[in-house]
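Each remark here refers to the structure printed beneath this line.
Each reported figure results from applying straightforward, stated rules to the coordinates on display, with no laboratory input. Quantities reported herein were computed from a predicted structural model and do not represent experimental measurements. Heads up, the Cβs are rebuilt from the backbone with ideal geometry, glycines too, and the neighbour counts pull from every protein chain shown.
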Amino acid sequence: MKAVVQRRYGSAVLGDLDVPVPGRGEVLLEVRAAGVDMGTWHLLTGQPYLVRVIGFGFRGPKSPVPGRDVAGVVAAASPGVTGFAVGDEVFGTCDGAFAEYSVAPVSRLARKPAGLSFTEAAALPISGGTAVQGLRSVQPGQRVLVLGAGGGVGSYGVQIARSLGAHVTGVCSTGKVELVRSLGAHEVVDYTVADFTGTYDLVLDCGGHRSLSRLRKAVGRHGTVVIVGSETAEPLFGGFDRSLRAMALNAFVPQKLVALASAERADVFEELRVLVEAGHVRPAVGRTFPLAAAVEAIEHVHSRRSPGKVVVTI
């Protein structure tokens, strides 16, 4: 099969590999599309160095094929697998999605939402699942601020918060204003022109790096700040130090500071399927790339130019 092969951090090429064999509790997928997010860039480059320390491979990547978000068709199943059969259309996460075939545990798969293309479905799992988990506490009538509303997690955050009955303000750059407005944000703030103002019940911070003091002021005394990563050029933590500080500070301040560790699980993806089929969520796919240009797709995500999600099609 054709696959994007990564033998060391910082480079990957299109090559040939044997078709993988599913193990216990896994299925073999004929991959139709694979989503791309900032996590893919971190695993390709091995930056920040914290990525290597926490188990993804110290000297080189553990997985020879990058990519985690996946949508495809079940081609084979290991003995004992229930719930999926050959020919089923599914989406979820795996290790090695940038390939013609990949194996995935059934614990990280759900049926593809009716009415979605494989390209759209591949844009759902990690970013959509993160937004679902970050907004669980939202109640109808609350005010929600989504920072990075034009990106992967943020584009889902706007839609999900709106579906929960919240008043949603999205913050993004100029080129993403129309997208964020079309996703249902009640107010859109172009941060290149002016910063957000006001007080919110919850702030969903998607990969920004505003100070904790600034975020705490935005939610008053009893609001919630949910931090979805952070992006800086610092080589050791790459911005993750802000999440560590938030966890340490949480016990000493009236606000609730959440450093979100998103789980990749079938039940979360099932929630997404229901939201999509109910018409509350639609993946915003900004650009697609062929498998041979997967590395270019990763760099495009890192540039933060693309509104919505980037997807590799196979």
Using DSSP, restrict attention to beta bridges with both residues in the chain and report what percent are antiparallel, rounded to the nearest 5. 50
Debye equation applied to the C-alpha atoms of region 81-221, log10 I(q)/I(0) at 0.11, 0.18, 0.21 Å⁻¹: -0.48, -0.99, -1.21
Relative to the first principal axis of the alpha-carbon coordinates of the chain, what is the inclination of helix 294-303, with its axis defined by its Cα atoms, in degrees from 0 to 90 and to the nearest 10? 10
Region 252-314 and region 172-233: distance between their alpha carbon centers, rounded to Å: 17
Taking R0 as 41 Å, what FRET efficiency do you get between Asp190 and Met1 from their Cβ-Cβ distance, rounded to the nearest 0.05? 0.40
Which angle from 0 to 90°, rounded to the nearest 10, does the C-alpha axis of helix 125-134 make with the longest principal axis of the chain? 30
Going by amide H atoms built from the backbone, whose H comes under 5 Å of the H on Val189, apart from near neighbours? Gly170, Val171, Cys172
Could you give the angle, 0 to 90 degrees to the nearest 10, between helix 240-249's Cα long axis and the longest principal axis of the Cα atoms of the chain? 50
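Using r as the Cβ-Cβ distance of Leu14 and Ser213, and R0 as 51 Å, what FRET efficiency do you calculate, to the nearest 0.05?
Values: r = 46 Å, r/R0 = 0.91.
That gives a FRET efficiency of 0.65.
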Quick one: plug the Kirkwood hydrodynamic radius of region 180-294 (C-alpha pairs) into Stokes-Einstein at 37 °C, 0.692 mPa s, and report D in µm²/s. 195
Residue-count net charge about Ala166 - beta-carbon cut-off 13 Å; Lys, Arg +1, Asp, Glu -1: +1
Here the chain gives, from Cα atoms, an Rg and Dmax in Å of 19.1, 58
